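Taken together, the values in this text are just the output of simple stated rules run on the coordinates, not laboratory data. Since the structure is predicted, the reported quantities are computational estimates derived from the model, not experimental observations. Ideal geometry is used to build each Cβ from the backbone, glycine not excepted, and the neighbour counts take in all protein chains shown.
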């Protein structure tokens, strides 16, 4: 073990190629993640041809760094433009954008950066210390457990949404209905395609997400345009008088980003550990992903918060806990990938392909035969999260100029990025149409104070939820009993049912206790 660790340290820290690739990949990941529609998965997929010419360690260093930096970069348009750069960013889009509108954009992004790094480092520790042990938990999950897990994630989206839970539930139903469009893994008949061949694969959630959050925001701003509104968004701390020296400007810039987030991290250290644990455990489950981790962590954060009414209206607590969870889940997704060769998410699916391309077979024996490689991966995760600090800081300061641009200039640029991001997925004009339709839908829903987050999560998880539901029913002749036949399934099922029943019981109890004073 000691020899493998020393070999990993030597292979990573003393190799200029690896260090250079980490820096370049960080910059590339920040750019790709910050452009709406260009996700971390797309960034890594586009980089795969380059890995043909790299050794295993530099190739994995690029993938890990790309993933970590692109996930955080998705928070930049999320906070500044209310366009989630990643699906997990949608969980706290309203909170982050509310802080920006209050003139606290640097503070919001500083919290995202600080807690992303903290969550990423925590997830790396979990990966390093408990990978073989935690991987065993994934073997306990059958289709029934995954059904309840997806349902629990969808339930959390309703709980954490601002305003009425009934409106949030209605938004979730809309998302689930949209997820039924096209073919599914358990049906051979196309549904709701209306003769459009492009809908056979369903509604792509990225154009839908861009439309719901980005285009709807453009519509809202056009109808409520106020020339003074742009100036109101600029935080006083972002203004740097010219009389200051370069060093004074730099220290003020650093202070504007980290002055609030670092003490906040210390004050919420135990909450961060809880969120990191949730993210790591959810990320470890194949197919769960960072988006479920963010929603579940946000629900737990709101449940134990002293100020739950602030969630959805600019809650720094919600942002910090959700970002910690989605960053921690990235390392957690590598647990089943390394131990069983089962991808935890779409990124680790690409990683497995890269490993096989390098004649490295994932599995339990990798910890013995390729121990130096495994420790190199652990070390690269640490370095990727550390290099995110300066690169992320520069990205925040560059992005901070966005809120100073006049709206008459900014709104067309936002719409242009929405179009580019939607078209870039499949090179399809049809996706641009989907984006525009979803933009109109998002605008109408917001006018009725119906949250948009549950719609996005419903589109993403509706297909897997339906698939696991049908598989569970067909895998056993016992019918509904199959959903509770295993201890883990029964526990998750009870938790999901409790999430829906508890608010109703609490309201009824309050109604009974409160006498009618009329």
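Ordering of 390-399, 495-504 by packing is 390-399, 495-504, highest average first (other Cβ atoms within 10 Å, averaged per residue).
For the peptides 98-104, 481-487, the ranking by mean Cβ contacts within 10 Å, running from highest to lowest, is 98-104, 481-487. Length gained on full extension, residue 480 to residue 255: 75.3 nm, using 0.36 nm per residue less the C-alpha separation.
Run the numbers on region 2-513 and let me know its relative contact order in percent, using alpha-carbon pairs under 8 Å that are six or more apart. Could you put the intermediate results ahead of the total?
On the way: 899 pairs, mean separation 151.2, N = 512.
Normalised by residue count, the contact order of region 2-513 is 30 percent.
Figure legend: label point modelled 7 angstrom from the Cα of residue 165 along Cα→Cβ; residues of region 491-515 with amide N under 18 Å from it are 493-514. Packing, as the average of other Cβ atoms within 10 Å across residues, places the peptides 456-467, 308-319, 78-89 in the order 78-89, 456-467, 308-319, highest first. The slack between residue 31 and residue 359, meaning 0.36 nm per residue of separation minus the straight C-alpha distance, is 115.0 nm. Largest first, the three principal axis extents of the alpha carbons in region 2-513 are 71, 65, 54 Å in whole numbers. Taking each residue as 0.36 nm, the span from residue 193 to residue 7 lengthens on full extension beyond its C-alpha to C-alpha distance by 61.4 nm.
Each part reduced to its alpha carbon centroid, region 139-160 and region 374-390 end up 30 Å apart.
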